[in-house]
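**Student:** Please see the structure below; I have some questions.
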Amino acid sequence: MKALTAPLAAALIGSVPILLIIALWQVIAMSGIAPPSLLPAPGTVFTRLLQQFGSLAYLDHAATTLGRLFAGFAIAVVVGVTLGVAMTGSRWVGAAITPLVRVLAPVPKIALYPAFILTLGFEDASKIALVVADAVFPILLATSQGTAAVEPKLAWSALAAGASRLRCLLTVILPAALPSILTGCRIALVISCIVVFLAEMITSTDGLGHLLVRAARNFQSVDMFVPLITISLLGLLLNAGFNAVRRRLLAGFPEAD
Amino acid sequence: MIAIASVTKTFDSGKGRRHLALADISLDIAAGEFVSILGPSGCGKSTLLYIVGGFIPPSTGAVLVKGARVSGPSPDRGPVFQEFALFPWKTVLGNVMYGLERQGVRRAQATARARELIAMVHLGGYESFYPKELSGGMKQRVAIARTLAYGPSILLMDEPFGSLDAHTRTRLQNDLLEIWERDRKTVMFVTHSVEEAVFLSDRIVMMSRSPGRVKDVIAIDLPRPRSRADLLLDRRFQDYVVNIERLMEEPAPEPRR
């Protein structure tokens, strides 16, 4: 009984601050500090949100954003994990890539966006590129550090069993570093949500970020808040999905729970 | 079988200081012999075992196994570690099958062989359990089965029962002797327990600390197969234990700096 109610209680406690913020929003809206045309009441916004969920056009924009987010995140995972494992697997690769990572990681990737637009165009590619550029570093760093920190005796056990160095890297060191890699991926997923939205706000003809900017330019304050709440709900769903995948992948690890 | 010839090992302990862990160790181990390396913690006995395993290189000197110089791990030398070093993402069956797969054994055959080995270490029925669901003693049984799976002629055991409670330790010692008496593998067994060393070994190599060197080699002339109950009552067993414990308490020869 207790085991059943504990997650429920946690969820209830967790929802309190969110409800408080919405309540605060309601109070501010009612107080008249800001006119309703600029700061609509939460009720108005949520009603509009539900309406939009029934609109194919709106869902199409959301799907566009989600598609870019997934594409960017997926490329970042593949590139980040591959490079991170290669850095641990080969001293030469590590020596070659580490300085590059140190130089590029602190660069605000959004500064690269104009260059991406000029080279890749206004469509999906430049936005996906920006998501990759921002999401790849946490994954890369988590992978290279996680794989480097794997208990050597795990690798020794594999090598003694007859595994080649490469096979040991792929069948033992990579899975052993999975908890760390997935932590990097989780951070990268949140970053991807932020960056795809940002990219769409700067230059786009579709997507949730574009809807927000378009609404703001037209003083449609209700429509301005709807994409914002949508992306945060998407983030919530993605995180839940991520956790489900993580639990499956980490079956057997003490970190799974 | 194993010839350790003038092996030394120095570690860089940072700031340009070097720490001599092993000083000029020479030792021969015959085929089918059960040899314990006994010494206080920090005497380099595990380091010596890792050098024989080919996991770390000696600073000078060499290890010859069956006349060939050790240059890396080989399935002929199977390690068993105190920390078990099981693959947490693999089930008991998956762990035991790892070595068989690396040896190119067909999947169906490997499964059958792994099940046999799991039954041999008294874990029948636990095939689909993850290591984290097992007790320490059970984990070490899995680790032993995983190592036996690829058929090494030499077992390198690094304080394998060091982290187990007294009761489990005794049971595993008995089981290990039973397995060893069946196929007489060459065993190099690192321990700091005098009783364990006397109970299991044909010969005990006593090591002293900083730097690690061979202090004494003692042949244990007790009948086999050995049973713990008989030995505990055996005067000769008691004498061995008492004498060796006395030897261990003697101060190490002048430490060289």
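Rule-based calculations on the coordinates, nothing more; no lab input. The structure displayed is predicted, hence computed values, not measured ones. No Cβ is skipped: glycine too gets one built from the backbone with ideal geometry, and neighbour counts run over all protein chains shown.
**Student:** Using only Cα atoms, find the angle between the long axis of helix B:107-120 and the longest principal axis of chain B, and express it within 0 to 90 degrees, rounded to the nearest 10.
**Tutor:** 60
**Student:** Does the range B:62-179 classify as rounded, prolate or oblate by the C-alpha gyration tensor (a ≥ b ≥ c root eigenvalues; a/c under 1.5 gives rounded; else a/b over b/c gives prolate, otherwise oblate)?
**Tutor:** It comes out oblate by the Cα gyration axes.
**Student:** Roughly what % antiparallel, to the nearest 5, for the DSSP beta bridges in the range B:1-159?
**Tutor:** Rounded to the nearest five, the antiparallel share is 75 percent.
**Student:** Given the C-alpha centroids of the range B:1-55 and the range B:150-199, what is the distance between them in whole angstrom?
**Tutor:** Going from one Cα centre to the other spans 19 Å.
**Student:** Cut-off is 10 Å between beta-carbons; in what order do B:His192, A:His210, B:His167 appear when sorted fewest neighbours first? It would help to have the intermediate numbers written out before the result.
**Tutor:** Values: B:His192 16, A:His210 21, B:His167 9.
The most exposed by this proxy come first: B:His167, B:His192, A:His210.
**Student:** So, one more: For A:Leu198, A:Leu69, B:Leu172, A:Leu170, what's the fewest-to-most ordering of other Cβ within 10 Å of each Cβ? Don't jump to the answer; show the numbers that get you there.
**Tutor:** On the way: A:Leu198 17, A:Leu69 27, B:Leu172 21, A:Leu170 14.
The order, fewest Cβ neighbours first, is A:Leu170, A:Leu198, B:Leu172, A:Leu69.
**Student:** Next up: Once every DSSP H run of n ≥ 4 in chain A is given -39500 (n - 2.57) and the sum is divided by its residues, what mean residue ellipticity at 222 nm do you get, rounded to the nearest 500 deg cm²/dmol?
**Tutor:** -26500 deg cm²/dmol
**Student:** Ranked highest first by average number of other Cβ atoms within 10 Å, how do A:98-107, A:145-154 line up?
**Tutor:** In descending order of packing, they fall as A:145-154, A:98-107.
**Student:** First check a/c for chain A, with a ≥ b ≥ c the square roots of the eigenvalues of its C-alpha gyration tensor; if it is under 1.5, answer rounded, and if not, answer prolate when a/b is larger than b/c or oblate otherwise.
**Tutor:** Working: a/c = 2.85, a/b = 1.59, b/c = 1.79.
Because a/c hits 1.5 or more and a/b fails to exceed b/c, chain A counts as oblate.
**Student:** As an exercise, identify the chymotrypsin sites (Phe, Trp or Tyr not before Pro) in the range B:55-163 lying in DSSP coil whose Cβ has no more than 14 other Cβ atoms within 10 Å.
**Tutor:** none
**Student:** To continue, here is another question. Counting only DSSP beta bridges with both residues in the protein assembly as shown, tell me the antiparallel percent, nearest 5.
**Tutor:** About 50 percent, rounded to the nearest 5.
**Student:** For the range B:85-116 and the range A:101-173, write down the distance between their C-alpha centroids in whole Å.
**Tutor:** Comparing the Cα centres of the range B:85-116 and the range A:101-173, I get a distance of 30 Å.
**Student:** Hey, what angle do you get for helix A:2-31 against the long axis of chain A, alpha-carbon based, 0 to 90 degrees rounded to 10?
**Tutor:** So the helix axis and the longest Cα principal axis differ by about 40 degrees.
**Student:** Suppose we flag chymotrypsin sites (Phe, Trp or Tyr not before Pro) only when DSSP calls them loop and at most 15 other Cβ atoms lie within 10 Å. Which is the longest uninterrupted stretch of chain A? Before the final figure, lay out the partial values.
**Tutor:** Numbers: sites that count: A:Phe122, A:Phe219.
Free of exposed loop sites, the longest segment is A:1-121.
**Student:** What are the lysines whose alpha-carbon lies under 25 Å from the alpha-carbon of A:Lys109, with same-chain residues fewer than 8 places away excluded?
**Tutor:** Excluding near neighbours in sequence, the set is A:Lys127.
**Student:** Starting with the fewest neighbours, write out A:Met30, B:Met138, B:Met157 ranked by other beta-carbon atoms found within 10 Å of each beta-carbon.
**Tutor:** Ascending number of Cβ neighbours within 10 Å: A:Met30, B:Met138, B:Met157.
**Student:** Could you work out, residue by residue across A:142-155, how many beta carbons of other chains sit within 10 Å of that residue's beta carbon, and then give the average as an integer?
**Tutor:** 2
**Student:** Moving on to the next point. Taking each residue in B:79-88, count the Cβ atoms of any other chain within 10 Å of its Cβ, then average. What number comes out?
**Tutor:** Numbers: counts 6, 2, 5, 1, 3, 3, 9, 4, 8, 12.
Across the residues of B:79-88, the mean count of other-chain Cβ atoms within 10 Å is 5.
**Student:** List the residues whose amide H sits under 5 Å from the amide H of B:Val190, counting only those 5 or more places along or on another chain, with H placed 1.01 Å from N in the peptide plane.
**Tutor:** B:Ile37, B:Met157, B:Asp158, B:Glu159
**Student:** Average partner chain C-beta neighbours within 10 Å, per residue of B:94-104?
**Tutor:** Values: counts 1, 1, 0, 0, 7, 6, 2, 5, 10, 2, 1.
Across the residues of B:94-104, the mean count of other-chain Cβ atoms within 10 Å is 3.
**Student:** Quick one: helix A:124-148 against the long Cα principal axis of chain A, what's the angle to the nearest 10°, folded into 0 to 90?
**Tutor:** With rounding to tens, the tilt is 40 degrees.
**Student:** Another question about this same structure. For a protection proxy built on the mean count of beta-carbon atoms within 10 angstrom, sort A:80-89, B:219-228 highest first, please.
**Tutor:** Packing order, densest peptide first, comes out as A:80-89, B:219-228.
**Student:** Hey, another quick one. From the cross-link list B:Lys90/B:Lys139; B:Lys9/B:Lys132; B:Lys66/B:Lys185; B:Lys9/B:Lys139; B:Lys90/B:Lys185; B:Lys45/B:Lys215, which pairs have alpha carbons spaced over 24 Å apart?
**Tutor:** Over 24 Å Cα-Cα: B:Lys9/B:Lys132; B:Lys9/B:Lys139; B:Lys90/B:Lys185.
**Student:** Right, something else. Taking a ≥ b ≥ c as the square roots of the eigenvalues of the Cα gyration tensor of chain B, is the shape rounded (a/c under 1.5), prolate (a/b larger than b/c) or oblate?
**Tutor:** It is oblate, given that a/c is not under 1.5 and a/b is not larger than b/c.
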